Amino acid sequence: MRLLLDESVPRRLKEALSPHAVRTVGDMGWSGMKNGALLSRAAAEFDAFVTVDQNLPYQQNLARLPIAVIVLVAPSNQLRDLLPTVPKLLAALAALKPGEYSQVSV
């Protein structure tokens, strides 16, 4: 699966998400884009968008996008706090379909 990690997610998290093809917003040169434009652009190249922005589902109409969105919920967005979400994240990715939203917490 092709995953895009939001700017708010530590780039080192992608190491824990193999065998998926993982890129970051920074890798793509999309830093600073507003969420709506970012999600539209990401939908053309990725299967899922991973973020820690818990407000995203309230700010965007995720159901109309052809990309799955997963929000990670942890005490902070630091790698040490997000790593415990990885097993649940991988399980969610296996079942997620385009346009679906999922929240994964520790």
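The values are calculated or read from the model by the stated rules, or taken from the named source; none is laboratory data. What you see is a predicted model, and the numbers here were worked out from it, not measured in a lab. As a convention, Cβ positions derive from the backbone with ideal geometry for all residues, glycine included, and neighbour counts pool all protein chains shown. Note: areas computed on protein heavy atoms with side chains; ligands, DNA, RNA excluded. Shrake-Rupley method; radii C 1.70, N 1.55, O 1.52, S 1.80 Å.
For LEU90 and GLN103, the difference between the fully extended length at 0.36 nm per residue and the C-alpha to C-alpha distance is 3.5 nm. Taken over the chain, the percentage of Cα pairs per 5 Å bin, counting from 0 up to the bin with the maximum distance, is 2, 13, 27, 29, 21, 8, 0. For region 89-103, backbone nitrogen atoms closer than 18 Å to the point 7 Å from ARG2 Cα along Cα-to-C-beta are found at 93-94, 96-100.
The residues packed around SER31, meaning those with a beta-carbon under 11 Å from its beta-carbon, carry a net charge of -3 if Lys and Arg are +1 and Asp and Glu are -1.
Averaging Cα coordinates gives a centre for region 48-105 and one for region 8-42; these two points are 12 Å apart. Calculated over region 33-89, the projected area of the Cα convex hull averaged across directions stands at 4.3 nm². The mean sequence separation of alpha-carbon pairs under 8 Å and at least six residues apart, normalised by the residue count of the chain, gives a relative contact order of 28 percent. Averaged per residue, the chain has 52 square angstrom of accessible surface, using a 1.4 angstrom probe with ligands and nucleic acids left out. Taking only protein heavy atoms and a 1.4 Å probe, the accessible area of the chain is 49% carbon and sulfur. Surface listing: TYR58, TYR101 arranged by accessible area from highest to lowest gives TYR58, TYR101, probe 1.4 Å.
Which lysines, if any, have their Cα less than 16 Å from the Cα of LYS14, not counting same-chain residues under 8 positions apart? Excluding near neighbours in sequence, the set is LYS88. Ignoring everything except DSSP H segments at least 4 long, calculate the 222 nm mean residue ellipticity for the chain; use -39,500 (n - 2.57) per segment, divide by total residues, nearest 500. Calculated at 222 nm, the ellipticity per residue is -6000 deg cm²/dmol.
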